[in-house]
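Reviewing the structure listed below.
Read-outs throughout are calculated quantities, based only on the coordinates presented, and are distinct from any laboratory measurement. These numbers were taken from a predicted model, which means no experiment stands behind them. Don't worry about glycine lacking a Cβ; one is built from the backbone with ideal geometry, like all the others, and counts go over all protein chains shown.
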Ligand code: G6P
């Protein structure tokens, strides 16, 4: 991949289109079929150390923080280690307890974001073990951490992150699988996740082939003054990232909420001028998500669902291919990158350089 835009009108479009190859690169050479696990050469964490990890704390900013939220869920699910993600700047300023049994993971596309770097330096000063999950090879965060995973997304130029986000989430899946397989994830589950990972590039291509339909939907919803994004558990960070993407690139105000929280306040906002994007995976929360859509419909809200099958309650559904439930968040965000892109295009925005934003914030 190069900096040459080729036939694409923007870097954002180019980078969205490159995701199948990017994910393939993140997997290449890392899968170990013999032991149903993955090799992460740069991790610098031996099996004994990994078994001693009692918590995982992931730190990042913006889109990388959202990748970390999905990552934390993957690590909890697959490795059964309590995990969470926090914005690096919040972490820095609240004098956190630095615990020797916690594994810290700093996640950053550029590897230069000041808030993340400062958090890493503070952690190191206090003796913590910090890994990096970084795109730019040899960047400051890659150098300051004890080891880590390069996400191999290739150069990302557009200010808003797309392919790097996807590769970060894939890299978290690799980390979760690796930690799981030296703790108590079964061979069968390891195999299941590996097979799921291998299916991703083809499924991403399938999603991207649906662009013409997503473009039409973007044109239909581009008149919204504000949009609500909802999801539950695995779908919630997907909703947050999709809402951020829309805000950044189209300047349409958007809110992201867990679907379960609608009734505790945001339902008051629902009316035809405030459409909802609902993340509705075919998992054990499907019925709950359907109920939330019903509540929105009852208040005359328009609904665009991202789901594994057509949703009766929604006005429109973007159907995405199904993978393993733990890996579905990787795929469900991709059509919403295209939705944000085509909304911004319809509204004539400066897609690669949204106002007031920088690709990497290297100052406080
Ligand atoms: C900036 C960019 C975001 C990005 C964030 C973190 O705010 O506009 O797109 O997610 O920085 O950047 P990083 O390079 O650390 O991932």
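With both residues required to sit in the chain, DSSP beta bridges show an antiparallel share near 5%. Computed from the Cα positions only, the extents of region 101-220 along the three principal axes stand at 52, 40, 24 Å, in decreasing order.
More than 18 angstrom separation, counting every C-alpha pair in region 259-364; what % is that?
Working: 3230 of 5565 pairs.
Tail of the P(r) past 18 Å holds 58 percent of the pairs.
Between 181, 30, 55, the GNM of the chain built on Cα springs shorter than 10 angstrom shows 30 fluctuating the most. Between residue 355 and residue 213, the simple spin-label model (points 7 angstrom out along Cα→Cβ) gives 3.5 nm. Treating the Cα atoms of the chain as identical point scatterers in vacuum, please give the log10 of the normalised Debye intensity I(q)/I(0) at q = 0.08, 0.10, 0.13, 0.15 Å⁻¹, two decimals. Those come out to -0.37, -0.59, -1.01, -1.33, one per q.
Each peptide in 273-284, 202-213 receives the mean, over its residues, of other Cβ atoms within 10 Å, and ordering these scores from highest gives 273-284, 202-213.
For residue 184 and residue 124, what does the FRET efficiency come to when R0 = 35 Å and r is the distance between their Cβ atoms, rounded to the nearest 0.05?
Working: r = 30 Å, r/R0 = 0.86.
About 0.70, to the nearest 0.05.
Note on residue 362 and residue 32: their simple-model spin labels are 3.7 nm apart, each label 7 Å out from Cα toward Cβ.
Please list, by residue number, everything in region 232-272 whose backbone N is under 13 Å from a paramagnetic label point 7 Å out along Cα→Cβ of residue 222. From region 232-272, the list is 250-252.
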